[in-house]
Amino acid sequence: MRILVVGAGATGGYFGGRLLQAGQDVTFLVRPKRAAELASTGLVIKSPHGELTLRNPPTVQATGLKQTFDLVLLSCKAFDLEGAITSFAPAAGPRTATLPLLNGMRHLEMLDATFDRERVLGGLCSLAVTLNEKREVVHLAPMQSLRFGERNGGTSERVRVIAEAFAGASCGAQASETIIQDMWEKWVFLATLAGTTCMMRASIGQIVAAPGGHDFILAVLAEVAALASAAGHAPREDFLSSASAMLTAKGSPLTASMFRDIEAGARVEADHIIGDLITRAEAAKLPIPKLRTIYTHLKAYENQRE
Ligand SMILES: NC(=O)C1=CN([C@@H]2O[C@H](COP(=O)(O)OP(=O)(O)OC[C@H]3O[C@@H](n4cnc5c(N)ncnc54)[C@H](OP(=O)(O)O)[C@@H]3O)[C@@H](O)[C@H]2O)C=CC1
Ligand SMILES: CC(C)(CO)C(=O)C(=O)O
């Protein structure tokens, strides 16, 4: 199976690197700066699951994309999606499956508009990864999971083939027969985690230890969960109880990748992760006072960066 990983940042570098390590036919679609970095230092992964340096990982730049691939693993940030779609479109033939790893949901509609719905799978990843100052991929905690599946549910031959390609990569990848529900639940968790830790500039444990912190987190969770329910994807009971526990755990160092981006002064996916929820709340006429404050805060941060 020929796999094109779009982006060799934190998530793309991690999962693409694990696939390469397992002997899969992987090429990274990168921009010039990242191409030069990878050519000079290789792709370096530092992880509790094992460190890895891949010298000269196969890369291609948009102008050099001449052939189609079987699978596109899409790992850009939401604000780069339009440009990324234009770049990888020549690699997506009629039988190419695109598997996005982005948080949120709105990217599915954007991908459908270019590639048609049946060529776009559902997907998500759960792990904490970042690029350090040496541009190495640093995996911050043992948790790792990547899920993918048919958006109409059930399974298919192409999903089975993708699962086979991931089988030797030991990166927690697994097919799902309920991927859209899984993506909604991930969004509920992430929006609560990113919204609260970014606004408070603190980890879950530090927020919980502050007066009103525990209740604030649960109130945000309730707002996002109500939106998922209004969209027909009410979070499942077991998800809600484990999410509530993780999001209110005393002493927890947990933060979101968006929090790490803010700490680094980097751009954030405010519109994709929180703004899209506000749009949906307005359509459903649901009150979301906490999410509105979080969104104002993130947009003010973005204004400050300009
Ligand atoms: N980091 C994490 O722990 C997690 C992140 N996510 C989600 O995964 C998604 C990706 O995040 P993450 O991996 O952290 O982001 P990064 O910023 O680390 O990586 C994104 C990469 O995409 C590349 N890119 C963007 N546009 C293009 C293009 N047109 N052609 C080629 N490469 C391109 C960027 O390249 P360049 O270097 O040139 O800018 C960058 O290397 C986000 O939606 C995030 O919310 C989900 C779970 C965990
Ligand atoms: C939920 C979490 C923390 C793990 O995947 C995440 O998606 C992120 O930090 O962006």
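The values are calculated or read from the model by the stated rules, or taken from the named source; none is laboratory data. Because the structure is predicted, anything quoted here is derived from the model rather than measured. When we count neighbours, we look across all protein chains shown, and the Cβ atoms used for this are built from the backbone with ideal geometry, even at glycine. For the accessible areas, the whole protein counts, side chains as well, though only heavy atoms, and no ligand, DNA or RNA atoms are used. Shrake-Rupley method; radii C 1.70, N 1.55, O 1.52, S 1.80 Å.
Computed quantities for the displayed model
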item: Contour minus Cα-Cα distance for Ser156 and Thr296 (0.36 nm per residue); result: 46.2 nm
item: Debye, to nearest 20: dipole size of the chain, +1 on Lys, Arg Cβ, -1 on Asp, Glu Cβ; result: 520 debye
item: Under-5 Å amide H pairs with Leu74, H placed in peptide plane, nonlocal only; result: Val6, Leu99, Leu101
item: Rounded to 10°, Cα long-axis angle of helix 179-200 versus longest principal axis of the chain; result: 60 degrees
item: Under the Debye formula (equal points on every Cα, no solvent term), log10 I(q)/I(0) of region 166-306 at q = 0.12, 0.15, 0.19 Å⁻¹; result: -0.50, -0.77, -1.16
item: Accessible surface of region 185-272 [probe 1.4 Å, protein heavy atoms]: carbon and sulfur percent; result: 58 percent
item: Mean separation of Cα contacts under 8 Å, 6 or more apart, over the residue count of region 182-305: relative contact order %; result: 35 percent
item: Estimated 222 nm signal from helices in the chain, with DSSP H stretches of n ≥ 4 weighted -39500 (n - 2.57), rounded to 500; result: -14000 deg cm²/dmol
item: Charge tally in the Cβ shell below 15 Å around Gly93, where Lys, Arg are +1 and Asp, Glu are -1, Gly93 excluded; result: +2
item: Region 2-176 - charge dipole about Cα centre, Lys and Arg +1 at Cβ, Asp and Glu -1, debye rounded to 20; result: 240 debye
item: Calculated P(r) of region 2-176 - Cα pairs past 31 Å, %; result: 8 percent
item: Kirkwood Rh, Cα atoms: Rg over Rh of the chain; result: 0.95
item: Long-range amide H partners of Thr59 with built H, under 5 Å; result: Phe28
item: Count of Lys pairs (Cα-Cα under 26 Å; at least 8 positions apart or interchain) in the chain; result: 19
item: Sulfur and carbon atoms: percent of accessible area, region 93-134 [1.4 Å]; result: 46 percent
item: Accessible area (Å², per residue) of the chain, counting only protein heavy atoms and a probe of 1.4 Å; result: 44 Å²
item: The chain, relative contact order [Cα under 8 Å, separation at least 6], %; result: 15 percent
